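Report on one structure; see the data block that follows.
The values are calculated or read from the model by the stated rules, or taken from the named source; none is laboratory data. Fair warning: this is a prediction, and the values are worked out from it, not measured in the lab. Neighbour counts run over all protein chains shown; Cβ positions are idealised from the backbone, glycine included.
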Amino acid sequence: METEEILAELDNVETQIQDVQGQIQVLLDQQEKLYERQSELKAILEACRAFGSPKATDDAPPTALEDWSGTFDWDSKADHYKFHVFGISKYRANQHEIINAVMSGRDVLVIMAAGGGKSLCYQLPAILCDGISLVVSPLISLIQDQVMGLKALDIPASMLTSTTGKEEEKFIYKALEKGEGVKILYVTPEKISKSKRFMSKLEKCHHGGHLSLIAIDEAHCCSQWGHDFRPDYKNLGILKIQFPKVPMLALTATATQKVQYDLMEMLHIPKCVKFVSTVNRPNLFYMVREKASVAKVVIDEIAEFIEECYPNNESGIVYCFSRKECEQVAAELRERGISADYYHADMDVKSREKVHMRWSKNKLQVIVGGIWYGNQQTRWFVIHHSLSKSMETYYQESGRAGRDGAPSECLLFFRPADVPRQSSMVFYENSGLQNLYDIVRYCQSKRQCRRSAFFRHFSESLQDCNGMCDNCAFSSDIIEVDVSEHAKMMVSFLQDMQENDQRLTLLQLVDKMKNKHKEIGAELKREELEQLVIQLILESVLKEEFQHTAYATNAYVKIGPLARQVLQGKKTVKLEISSKQNKAGNLKKVKRSLTLSGMEFKLDKLRKELSSCHGTTPHAVLSAQQISVISAQKPNSTEELEKIIGKLKTERYGSKILEEIKKFVDSDEPDYDKLNGESSKKRPTKKRKTKNNVVLIESSEDDK
Ligand SMILES: Nc1ncnc2c1ncn2[C@@H]1O[C@H](COP(=O)(O)OP(=O)(O)OP(=O)(O)O)[C@@H](O)[C@H]1O
Ligand SMILES: [Mg+2]
């Protein structure tokens, strides 16, 4: 054999070895995921063996025989409070059963979608039982809202948090000792883990037989496997140890099986009854929009979306990546005439409270938040200025829209360049990159139903989307383009750079590629090239690597395990590309029937006025759902109104509401699209592509 031949074969063999190594790496990654799942399943199995099935217990009949929807002693009392105090005519899925299980003295674990109605599951038992119920909740803003809402219903509710004054604290401690004066007490988890004084008062309350129920809201915060772990939640196990006979109710919107077992173990409720509802939020319209590279353009688009779709100050949230960005976006929205303010973890308690109050009283249309912002009010829209760090986080954040069941919108602005910003923050977290890439897949996809991505993520069987996401609703002008050749060029270019010890970020890679290969720039737009890099990362052809500097962590794009497959033409790479006009264009044409009708608009205004007179929130006066039922039925007597909103609200606000209805009916105003102004009436509209004709209406071409 000639030396040259040997060298050639050696080269060939080495190339093949590298190729095999790449494939092994992908298989090893797969194996790691499988090991992880294996240990998860083993842990679950162990928990099952140790505790028994969560539904079947030793000293209670198995679930199959436990009929929580049957007849119970408290039925008529519960019905009375449900309707006349809470103004709720019908239970939502599982609420009735959960309330019955709690009232029967059982520990209960509730997994129910955001806005599903978890609060009623502990608030109603709390007023049905004698004594005081304790509710642990993670956010002061959330607690403030709940307490304000309950007080508006004449339910004695209080809160004990870092913001509680001395006088109020004294009053609460007295109430705990006597078992009267407070019916529902909200506390932050820190009170349980850090305040010995509070715990001793709680023990006294229990000793006197006055502690009727313990509810742990947002219980996923207990688990390290959950997406929002809070160290103080870890200590809540003490409650069941100290008060074993008091029924405990743990509630959350999101918990994988692993998290569920973790919760049961940490809270010491192995024999709890478990209720799991669907994650589906049929009233939410999910959409992803391409994010412009110029910051100002993004804000223009957000402002335009809010002004066009929500001209009557309907409130919403804009989520941002960083605190600085929150402040900038809020300021820019204000410059464009939208009443917006920011809310983030760096603010002191006073400023946060101020923003929260303005928001609760409908003085602000938009909250720009960097952290998970808990608040009970109806939000019509949730906009993500940047992508979230996982599907779970996005589900929770977007789930803040339409909590009372009214159709609402969740819009995410996605740009490939936002991926390294997030990845450099999460790469060291448990499955951080894997979780991030899941939501990146959701954003990149221009064809797959958005809703189905949630079902898959939470291991739930698929349900119909009913045209309630952009990919299902809009007729598709998306084509799948084979970009294997472009991918090959990119990989080989990056390989050359790497061999010369040059590191490139995503944006640098695209820039340099465009300079080096002019032809590629002619075929693919810059955004599409960025999209290609992300696609290659998702497919393990490229990978991200991270390097710390004194000021930041940088994400660089490197050759990944399957790069060789692309170079050898063994792997096809495809991109979903808009053929002509993209969805951003389509979205501008969306006119929704989500806007309020004339009657609804009047009632919305009235509830704002009434709420400021009564020192409460508009939502506590009338929920969006109640407004919509009143508008449809137009009751003209106290009795008729009572059937919709219950006795208490009718007594308090009934005369004003009936007066408003009468004024409206007498005025002969057509009950449609009043609020959209004159121009909208002229526009002929046509129904968009939805199966059940429920939500979306698209304006005609004249509308452009
Ligand atoms: N049976 C019902 N009928 C009509 N409205 C209801 C019913 N139950 C609850 N609601 C309303 O639904 C809204 C959401 O309820 P709630 O705040 O309890 O949701 P949640 O499940 O705690 O959501 P989150 O996970 O976002 O905290 C509230 O406005 C509440 O008044
Ligand atoms: Mg809740």
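Worth a mention:
- Tally of residues being in a loop (DSSP other than H, G, I, E, B) and either within 15 Å of ligand 1 (Cβ to nearest atom) or in contact (Cβ under 8 Å) with a residue 12 or more places away in the chain (or both) across region 220-233: 7
Here's the yes/no breakdown for (1) under 21 Å from I269 (Cβ atoms); (2) more than 26 Å from the chain's Cα centre (by Cα):
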| residue | (1), (2) |
| --- | --- |
| F86 | no, no |
| N94 | yes, no |
| R106 | yes, yes |
| M112 | yes, no |
| A126 | yes, yes |
| L139 | no, no |
| E180 | no, yes |
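- Those residues of region 587-602 which are in a loop (DSSP other than H, G, I, E, B) and either at pLDDT 80 or above or over 25 Å from the mean Cα position of the chain (by Cα) (or both), in sequence order: K589, S597
- Qualifying residue in region 13-23 (condition: modelled with pLDDT under 80 and not in a loop (DSSP other than H, G, I, E, B)): no
- Selection from region 459-469 of residues that are buried (at least 21 other Cβ atoms within 10 Å of the Cβ) and not in a strand (DSSP E or B): C465, G467, M468
- Scanning region 515-552 for residues that are assigned to a helix (DSSP H, G or I) and of a type in the set (S, T, N, Q), we see that the one that is farthest from V573 (Cα to Cα) is N515.
- If the condition is being more than 20 Å from C326 (Cβ to Cβ) and in contact with a helix residue (DSSP H, G or I) (Cβ under 6 Å, 6 or more places away or on another chain), then region 396-418 contributes D404, G405, A406, P416.
- Criterion violated by I111 - all others in (1) at pLDDT below 90; (2) closer than 17 Å to R400 by Cα; (3) more than 10 Å from ligand 1 (Cβ to nearest atom); (4) of a type outside the set (D, E) satisfied: (1)
- Helices (runs of 4 or more DSSP H) wholly inside region 603-704 that include at least 3 residues being modelled with pLDDT of 85 or more, of a type in the set (S, T, N, Q) and farther than 23 Å from S315 by Cα: 638-667
- Cβ-Cβ distances below 6 Å connect the following pairs, each with a first residue in region 388-400 that is within 13 Å of D228 (Cα to Cα), a second residue that is surrounded by fewer than 21 Cβ atoms within 10 Å (Cβ to Cβ) and hydrophobic (A, V, I, L, M, F, W, C), and a separation of six or more residues or different chains: K389/V426.
- The criterion of being closer than 23 Å to V102 by Cα, more than 14 Å from ligand 1 (Cβ to nearest atom) and either modelled with pLDDT under 90 or in contact with a Leu (Cβ under 7 Å, 6 or more places away or on another chain) (or both) holds for I132.
- Residue tally, condition surrounded by fewer than 17 Cβ atoms within 10 Å (Cβ to Cβ) and assigned to a helix (DSSP H, G or I), over region 426-441: 4
- Those residues of region 387-401 which are touching a strand residue (DSSP E or B) at 6+ places or on another chain (Cβ under 8 Å) and part of a loop (DSSP other than H, G, I, E, B), in sequence order: L387, S388, G399, R400, A401
- Pairs linking a residue in region 532-549 that is more than 20 Å from I520 (Cβ to Cβ) to a residue that is part of a strand (DSSP E or B) and small (G, A, S), with Cβ atoms under 9 Å and 6 or more positions apart or on different chains, are E544/A555; E545/A555; F546/A555; Q547/A555.
- Enumeration of residues in region 293-318 that are of a type in the set (F, W, Y) and closer than 27 Å to K525 by Cβ: F305
- When residues of region 146-178 are limited to those that are away from ligand 1 (no atom under 16 Å from the Cβ), small (G, A, S) and crowded, with 20+ Cβ neighbours inside 10 Å, the one nearest to the chain's Cα centre (by Cα): S158
- Just one of the numbered conditions (1) of a type in the set (G, A, S); (2) outside any loop (DSSP other than H, G, I, E, B); (3) surrounded by fewer than 17 Cβ atoms within 10 Å (Cβ to Cβ) is not true of G209: (2).
- Some residue of region 261-268 being out of contact with any strand residue (DSSP E or B) (no Cβ under 9 Å at 6 or more places or on another chain) and within 16 Å of ligand 2 (Cβ to nearest atom): no
- Those residues of region 383-410 which are among the acidic types (D, E), buried (at least 23 other Cβ atoms within 10 Å of the Cβ) and under 18 Å from T278 (Cα atoms), in sequence order: E392
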